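Peer 1: Can you keep this structure in mind? I'll have questions shortly.
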Amino acid sequence: MSIVTVQLGQCGNQIGHEVFSALCSDICGTHGLCSKEENESYQESSKERFFSQEESGVPAARAVLVDMEPKVISQTLSRAASSGHWKYNSHSHFCQKQGSGNNWANGYFVHGPRHKEAIMELVQKEAEKCDRLGGFFTIMSMAGGTGSGLGAFVTQCLRDAFPTSFLLNHVIWPYGTGEVIVQNYNSVLTLSHLYHSSDALLVHENDVIHKICAQLMNIKQISFRDVNQVIAHQLGSVFQPTHTAGGGSGYSRNPLGDLLEPLVPHPEFRLLGLRNIPQMPESSLAFSSFSWPGLLKHLRQILIAKAHMEEGIDWQVRPPGSSIPSTNKPLHFNTSIANLVILRGKDVHSVDLGNFQDPSLYTSWLNPQDAFNAWKTPRAFNKYEKSAALVSNSQFLLKPLDCIVGKAWNMFASKAYLHQYTKFGIQEEDFLDCFTTLEQVISSYTNL
């Protein structure tokens, strides 16, 4: 089944380009760790999922590019075309001359309604090219105006136009120190609106990815492109084909459905975090060897200690009721609703994942057998002989969410910058509704 990607705003378009580049280089790569038949079936499945075959022979990404300024889209189109391995369709983008000025209300109330027909027509055309449409994957930032405001509007339109399709929003959480003075307003408005229309929000935090670039990838001067490539690698490690638990011998049929059904068992809990192991510069790969027990021990501790990566994990955190006493367990332990582990590479079928089914990791109202799922494929990903990804619906994002809502509330209480929003038609009551929605989400995750 195919996924249509909708890239929104500067951030969404730049990340989208890196995602398709990572997928394409993985498809073209010869990894030699699985049989020829397995490799061919993997490549076919991935191509059907993300690319359509063009007469020219160059695969075209199943994507719609939207931005209110032309610069980033034209750069993105030309960079993809110049790669020679893949391209964007020449008619699947929409841009205007004026941006949204980092204002959510401008994107949502002005640009959204004004350009709805043109944007949705592009999406409809892309969806009609799919033999079997699996759903939509949107990529956007929460901090600015186009990705956040127009992104929330387009997500609502997708939900209305395709009520039975799966809809996953990939959201970039802004740097805590701030990129835009009103980013907390934009974030609160975006999250609360997406919570009503999306099936799930898959979140990457800029601060976390920045740390990975600095500490694991050893990059000295980190650019947005470095950050985006790490994000693309992590997304690829989830969305490239795998064998699902009950999927028989073939690759999973509907990637979005297979991902969302086990991970979002209740509409109150839609926030998904993503962790990936190992991550290192390509130059170090040749000198590294990994064992599955070692990788999974680290991945499990990343999960229960809310760690951001394999460096700096707090090994003192233990599940409640474990035989080894821990002093700080109640404060830091991460309770999960559902987890998915995806293993790729050598010897995957002999791996023991019993530790992830420990009932003490999960909330009491779900059976641990239902709360944990594993996907596997012997086909390695992106030059890593063995790699594991964890997609978790847990308290990973509780602290950042609480922090962003708190900062936005402090600004709102003193009415800072509110006139910039009300002039585009948003009312103070709308802000209060958004705060109420997110306070309820915070409360639900806190009480797991």
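The values are calculated or read from the model by the stated rules, or taken from the named source; none is laboratory data. Note that this is a predicted model, so its numbers are computed, not measured. All Cβ positions, even for glycine, are placed from backbone atoms using ideal geometry, and neighbour counts span all protein chains on display. Accessible surface areas use protein heavy atoms only, side chains included; no ligands, DNA or RNA. Shrake-Rupley method; radii C 1.70, N 1.55, O 1.52, S 1.80 Å.
Peer 1: Going residue by residue through segment 89-112, is there one that turns out to be among the hydroxyl-bearing types (Ser, Thr, Tyr), open to solvent by 10 Å² or more (accessible area, probe 1.4 Å) and in contact with a Gly (Cβ under 7 Å, 6 or more places away or on another chain)?
Peer 2: Scanning segment 89-112, I find at least one residue that is among the hydroxyl-bearing types (Ser, Thr, Tyr), open to solvent by 10 Å² or more (accessible area, probe 1.4 Å) and in contact with a Gly (Cβ under 7 Å, 6 or more places away or on another chain), so the answer is yes.
Peer 1: Looking at 109, 166, 153, which is the one that is farther than 27 Å from residue 427 by Cα and of a type outside the set (A, V, I, L, M)?
Peer 2: Working: 109 fails: farther than 27 Å from residue 427 by Cα; 153 fails: farther than 27 Å from residue 427 by Cα.
So the residue among 109, 166, 153 that is farther than 27 Å from residue 427 by Cα and of a type outside the set (A, V, I, L, M) is 166.
Peer 1: Mind checking which residues of segment 64-87 are within 28 Å of residue 108 (Cβ to Cβ) and out of contact with any Ser or Thr (no Cβ under 7 Å at 6 or more places or on another chain)?
Peer 2: Of everything in segment 64-87, those that are within 28 Å of residue 108 (Cβ to Cβ) and out of contact with any Ser or Thr (no Cβ under 7 Å at 6 or more places or on another chain) turn out to be 66, 69, 70, 71, 72, 73, 74, 75, 76, 77.
Peer 1: Take the conditions outside any helix (DSSP H, G or I), more than 30 Å from residue 413 (Cα to Cα) and modelled with pLDDT under 90 and apply them to residue 219. Does it pass?
Peer 2: Yes, satisfied.
Peer 1: Tell me yes or no: at least one residue of segment 279-299 is in a strand (DSSP E or B), open to solvent by less than 40 Å² (accessible area, probe 1.4 Å), among the hydrophobic types (A, V, I, L, M, F, W, C) and closer than 30 Å to residue 191 by Cα.
Peer 2: No, there is no match, as no residue in segment 279-299 is in a strand (DSSP E or B), open to solvent by less than 40 Å² (accessible area, probe 1.4 Å), among the hydrophobic types (A, V, I, L, M, F, W, C) and closer than 30 Å to residue 191 by Cα.
Peer 1: Considering each residue of segment 235-262, count those that are open to solvent by 50 Å² or more (accessible area, probe 1.4 Å), under 16 Å from residue 389 (Cα atoms) and either modelled with pLDDT of 90 or more or in a helix (DSSP H, G or I) (or both), and give that number.
Peer 2: Selection size over segment 235-262: 0.
Peer 1: Continuing with the same structure: Where the second residue is open to solvent by 40 Å² or more (accessible area, probe 1.4 Å) and of a type in the set (A, V, I, L, M, F, W, C) and the first is in contact (Cβ under 8 Å) with a residue 24 or more places away in the chain and lies in segment 299-317, which pairs have Cβ atoms under 8 Å and are six or more apart or on separate chains?
Peer 2: Qualifying pairs under 8 Å: 305/315.
Peer 1: Another question, then. On the given criteria, is residue 162 buried (at least 16 other Cβ atoms within 10 Å of the Cβ), over 15 Å from residue 10 (Cβ atoms) and out of contact with any Ser or Thr (no Cβ under 9 Å at 6 or more places or on another chain)?
Peer 2: Criteria met by residue 162.
Peer 1: Mind listing whichever residues of segment 332-373 are in contact (Cβ under 8 Å) with a residue 40 or more places away in the chain, farther than 22 Å from residue 289 by Cβ and acidic (Asp, Glu)?
Peer 2: 370, the sole residue that qualifies.
Peer 1: Further, regarding this structure: From the list 153, 166, 162, which one is touching a Lys or Arg at 6+ places or on another chain (Cβ under 9 Å), under 30 Å from residue 401 (Cα atoms) and at pLDDT 95 or above?
Peer 2: Just a single option satisfies the conditions, and that option is 153.
Peer 1: Follow-up question, since we're still on this one. Name the pairs whose Cβ atoms lie under 7 Å apart, with the first residue in segment 23-45 and within 17 Å of residue 384 (Cβ to Cβ) and open to solvent by 50 Å² or more (accessible area, probe 1.4 Å), the second modelled with pLDDT of 85 or more and outside any loop (DSSP other than H, G, I, E, B), and 6 or more positions between them or separate chains?
Peer 2: Partner pairs satisfying both residue conditions: 33/345.
Peer 1: Further question on the same structure: Going by the structure shown, is residue 88 closer than 15 Å to residue 149 by Cα, touching a helix residue (DSSP H, G or I) at 6+ places or on another chain (Cβ under 9 Å) and among the aromatic types (Phe, Trp, Tyr)?
Peer 2: no
Peer 1: Conditions: (1) closer than 18 Å to residue 196 by Cα; (2) out of contact with any helix residue (DSSP H, G or I) (no Cβ under 9 Å at 6 or more places or on another chain); (3) not aromatic (Phe, Trp, Tyr). Residue 433 meets all but one. Number of the miss?
Peer 2: (2)
Peer 1: Go through (1) among the hydrophobic types (A, V, I, L, M, F, W, C); (2) under 26 Å from residue 205 (Cβ atoms); (3) without any contact (Cβ under 8 Å) to a residue 12 or more places away in the chain for residue 81 and report which single condition fails.
Peer 2: Against the list (1) among the hydrophobic types (A, V, I, L, M, F, W, C); (2) under 26 Å from residue 205 (Cβ atoms); (3) without any contact (Cβ under 8 Å) to a residue 12 or more places away in the chain, residue 81 comes up short only on (2).
Peer 1: Related question: Does residue 200 satisfy being among the hydrophobic types (A, V, I, L, M, F, W, C) and either surrounded by fewer than 17 Cβ atoms within 10 Å (Cβ to Cβ) or in contact with a Ser or Thr (Cβ under 7 Å, 6 or more places away or on another chain) (or both)?
Peer 2: On the way: among the hydrophobic types (A, V, I, L, M, F, W, C): yes; either surrounded by fewer than 17 Cβ atoms within 10 Å (Cβ to Cβ) or in contact with a Ser or Thr (Cβ under 7 Å, 6 or more places away or on another chain) (or both): no.
No; evaluated as a whole, the condition is false for this residue.
Peer 1: Restricting to segment 169-186, and then to whatever is open to solvent by less than 20 Å² (accessible area, probe 1.4 Å) and of a type in the set (Val, Ile, Thr), can you tell me which residue is modelled with the lowest pLDDT?
Peer 2: This residue is 182.
Peer 1: Also, quick follow-up: Could you tell me whether any residue of segment 330-339 is of a type outside the set (S, T, N, Q), over 20 Å from residue 391 (Cα atoms) and at pLDDT below 85?
Peer 2: So far as segment 330-339 goes, yes, one or more of its residues are of a type outside the set (S, T, N, Q), over 20 Å from residue 391 (Cα atoms) and at pLDDT below 85.
Quick grid of which residues meet (1) crowded, with 23+ Cβ neighbours inside 10 Å; (2) among the acidic types (Asp, Glu); (3) within 20 Å of residue 383 (Cβ to Cβ):
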| site | (1), (2), (3) |
| --- | --- |
| 190 | yes, no, no |
| 204 | no, no, no |
| 233 | no, no, yes |
| 264 | no, no, no |
| 272 | yes, no, no |
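Peer 1: Residue check, residue 195 against (1) outside any helix (DSSP H, G or I); (2) open to solvent by 10 Å² or more (accessible area, probe 1.4 Å), all met but one. Which one?
Peer 2: (1)
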